[in-house]
1. Can you give me the % of accessible surface on the chain that is carbon or sulfur? Probe 1.4 Å, all protein chains present, nothing else counted.
2. Averaging over every viewing direction, what projected area does the convex hull of the Cα atoms of the chain cover, in nm²?
3. Per residue, how many Å² of accessible area does the chain show with a 1.4 Å probe?
4. Of Lys255/Lys280; Lys34/Lys112; Lys250/Lys272; Lys126/Lys267, which ones are farther than 22 Å apart at the Cα?
5. Where is the GNM fluctuation largest for the chain (alpha-carbon springs, 10 angstrom cutoff): Arg40, Arg56, Arg229?
6. With Rg and the Kirkwood Rh both taken from Cα atoms, where does Rg over Rh land for region 3-173?
7. Between Glu218 and Ser144, 0.36 nm times their residue separation minus their Cα-Cα distance comes to what?
8. Which order do Glu197, Glu249, Glu210, Glu218 take when ranked by solvent-accessible area (1.4 Å probe, heavy atoms of all protein chains), largest first?
Amino acid sequence: MNIENSEWRTGYISIVGRPNVGKSTLMNHLIGTKLSITSRRVQTTRHRIHGILTRRMTQFVFVDTPGFQRVHLNALNRSLNRSVIQTLQDIDLVLWVIEALKYTHADDEILKLLPKNVPVLLIINKIDKISNKSRLLPFIYDLSHKFEFAGIIPVSAASDIQLDTVLNDIETYLPLREPVFESDCITDRSERFLAAEIIREKIFRSLGDEVPYSTFVEIVSFEEIGNLRHIHATITVERSGQKAMLIGEKGTRLKQIGTEARLDMEKLFGGKVHLNLWVKIKGGWADSDRALKSLGFES
Ligand SMILES: Nc1nc2c(ncn2[C@@H]2O[C@H](COP(=O)(O)OP(=O)(O)OP(=O)(O)O)[C@@H](O)[C@H]2O)c(=O)[nH]1
Ligand SMILES: [Mg+2]
């Protein structure tokens, strides 16, 4: 097919912002599937993940990124930041997400990274938390002078407010191009990867700040027999105290994490899941570049 005559629009849209502003929630709600994990904790997202939406004659390929970090620049955070910077290349549009009435120094750091040659839409998220919406006007006015935005859209990702406007606005900036993915495809990531992410989300949500950032989940085996997936995963922590905390009294916490993860997987994969979880101990990888590489992080 002659691309120039194609009526399709297809483009890569990178979602950037400081930790915890709701980037992953926004992506999930834009594509209509809970794909990228979310939690109250900063730095929930650690890997770039594509969320794909094909609507009428448009294919949106969203790229969710880790929150950009200014502090605690250990090997893990440096790797996460590099991932954000790389994501700002070869894309068609940027969604810069900030939180309503909460503009911080960390947001300013991202402002400096915004590309000049690609349209940037500013998304002001969590407006559901603001009871007096007129307070948003001076906030928006100040922001409009910081950068030449293609547009500024106040939204609530979690409550699906104004998300259609976001999609319609993005659409006008996407180039005429044939779709890259099949129309029913929602991500570039494997079920194996998504399974590990779902387990990590349940750990974060169950343990909050008590769980160290170095905790990681590995899928040891993933077997699909008919419509039943047998998944065996290990959770690696740094110390025995953390292991005990994760397992909980008489194994109750691990059981709860496993049940919640399994239910989410069944919903996302559309079939029954049999999940086996084990907890292991390993030392000091968060500060080692080599260990990060062995775990598949880019550096
Ligand atoms: N009230 C409200 N909360 C929201 C909204 N969007 C996201 N949140 C909450 O904000 C927290 C962070 O959301 P995430 O989507 O994980 O944020 P993130 O920017 O991806 O965070 P990192 O991956 O850690 O950088 C979660 O507790 C979400 O439920 C919203 O529109 N309104
Ligand atoms: Mg995230």
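1. 50 percent
2. 17.2 nm²
3. Result: 48 Å² per residue.
4. Lys34/Lys112; Lys250/Lys272; Lys126/Lys267
5. Arg56
6. 0.95
7. 22.3 nm
8. So the residues, ranked largest to smallest area, are Glu249, Glu210, Glu218, Glu197.
The values are calculated or read from the model by the stated rules, or taken from the named source; none is laboratory data. Small disclaimer: the values here were computed from a predicted structure and weren't measured. So basically every Cβ, Gly included, is an ideal-geometry build from the backbone, and we count neighbours across all protein chains shown. These accessible areas exclude ligands, DNA and RNA; they are computed on the full protein's heavy atoms, side chains included. Shrake-Rupley method; radii C 1.70, N 1.55, O 1.52, S 1.80 Å.
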